[in-house]
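Quick notes on the structure that follows.
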Amino acid sequence: MRLTRLQKALWAAAGIAVLAYGALLWGPYRAPALVSEAPFRPTFSLPDDAGRLYSPADFAGKHLLVFFGFTNCPDVCPTTLSEVAQVIDDLGPDADKVQPLFISIDPERDRRLGLAAFTAAFHPAIIGLAGDADQTRAAADSFRIHFAREDDAAAPDGYTMSHSPALYLIGPEGDWLRQFTYGTPASEILADLKSRL
Amino acid sequence: MKSVALFAALTLTAPAAFACEPFAVGDLTIEHAWSRATIGADRPGVFYVEITNAGSADDALVGIATPAAGMPMLHETVVTDGIASMPHSMSVPVPAGQTVALAPGGYHGMLMGLVTALKEGGSFPVTLTFQRAGEVTVTVDVLSMRAEGPDCAHAGQ
């Protein structure tokens, strides 16, 4: 049987792949390749409307459901907070094991407009946090999320905010567990949480 | 006089949900017009609606107007590379034979400069301007802040 050049190349590639796989399984690099990374523990230090400072340690033992947003946002933020409220309602007796947090990425304006009344309108369990510019940036960097102020003459006060719209789930020890992308139905979030509680 | 009419429009309580009543202009049917209640009038309100084009020609929603807000605009929520932003939309296409929804997470009317807080259970008029079909005024139901849409028996059909 004569092999074409392409077939030879493919067999050679297959051979290399087998050797590489063997090296992964038995070689000295096995351990580092399979050991997971150190836990990722995002952190924050931010006050609520009443000025009480919160950090992850205040919620030790609970799962955190964290959303970064701004209260002047008419579409994405109310939609997500409505879903969070639904999830908390549907958790029933397990609701006290999950703390929903709304972290303002537009803190100055949100404090002026009133953050607690806004979050309470969706669910009284949601704590709204709004720090100063540095605290806010530090929290966002820690969660590795993006937010930016975008000048828009047509927007209220001449600007709007772009931001990562996902929900982040933090475990009872402060470990980052997963994110729920924007638009994940409340039922899916609920099922995931129930499997962990 | 204008403010009296506005007051009446804003405080009008719907005996039956207006959002479930279709409005028509030309080949277009407009239904499920709703908004979320607001806390005060400092934050913008939102406007959602469904438009069905039963005709054979494409149309487009090119503007909205309402006595409830000083500056209503069409926006679209766009999520690109995990970042949500909300660019202004010049128009919302309503292709022939299709239904287009202004709905959470997509196109929506942003009602800036609210005249007064939008109260759950109330309603207000919005005039939609279409490129071909012209203008039509619909009644918008104000639902709770947590609402995800009107609860109509025929919704989704």
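Read the figures in this text as sums done on the coordinates, not as results from a lab. Predicted, not measured: the structure shown is a model, and the values here were computed from it. Cβ coordinates were reconstructed from backbone atoms using ideal geometry, including for glycine residues, and neighbour counts include every protein chain displayed.
Numbers at a glance
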| quantity | calculated |
| --- | --- |
| Principal axes of region A:46-196: Cα extent on each, largest first, Å | 46, 29, 27 |
| Whole-Hz ³J(HN,Hα) from phi, Karplus 6.51 cos²θ - 1.76 cosθ + 1.60, for region A:62-70, glycine and proline x | 10, 7, 10, 10, 10, 10, 9, x, 8 |
| Between region B:99-157 and region A:123-163, the Cα center-to-center distance that results, in Å | 27 Å |
| For B:Val46, distant residues with modelled amide H under 5 Å away | B:Arg36, B:Leu111 |
| Karplus-derived HN-Hα couplings along region A:85-96 (A = 6.51, B = -1.76, C = 1.60, θ = phi - 60°), whole Hz, x at Gly and Pro | 4, 5, 4, 5, 4, 6, 5, x, x, 7, 4, 6 |
| Net +/- balance of residues flanking B:Pro95 in space, Cβ distance below 15 Å, scoring K and R +1, D and E -1 | -3 |
| Shielding score for B:101-107, defined as the mean number of other chain Cβ atoms within 10 Å | 3 |
| Relative exposure of B:Met145, B:Met86, judged by other C-beta atoms within 10 Å (fewest first) | B:Met145, B:Met86 |
| Sites matching GluC sites (Glu not before Pro) across region A:148-197 that sit in DSSP coil, with at most 14 neighbouring C-beta atoms within 10 Å | A:Glu173 |
| Translational diffusion coefficient (Stokes-Einstein; Kirkwood radius from C-alpha pairs) of chain B at 37 °C, 0.692 mPa s, in µm²/s | 208 µm²/s |
| Per-residue HN-Hα couplings for region A:159-167 [Karplus 6.51, -1.76, 1.60; θ = phi - 60°; Hz; x = Gly/Pro] | 8, 9, 10, 9, 7, 6, x, 7, 9 |
| Cβ-derived FRET efficiency at R0 41 Å, B:Ile83 paired with A:Ala60, nearest 0.05 | 0.85 |
| Alpha carbon convex hull of the protein assembly as shown, volume per residue in cubic angstrom | 229 Å³ |
| Within region A:115-197, trypsin sites (Lys or Arg not before Pro) in DSSP loop having at most 16 other beta-carbon neighbours inside 10 Å | A:Arg144 |
| Protection proxy ranking, peptides B:34-43, B:115-124, average beta carbon neighbours within 10 Å, highest first | B:34-43, B:115-124 |
| Interchain or long-range residues, amide H under 5 Å from A:Phe40's placed H | A:Trp176 |
| Residue range of chain A that is longest and free of chymotrypsin sites (Phe, Trp or Tyr not before Pro) which are both DSSP loop and sparsely packed (at most 16 other C-beta within 10 Å) | A:41-197 |
| Under 18 Å from the Cα of A:Lys194 - aspartates and glutamates, other chains or at least 8 residues apart | A:Glu83, A:Asp89, A:Asp90, A:Asp94, A:Asp96, A:Glu173, A:Asp175 |
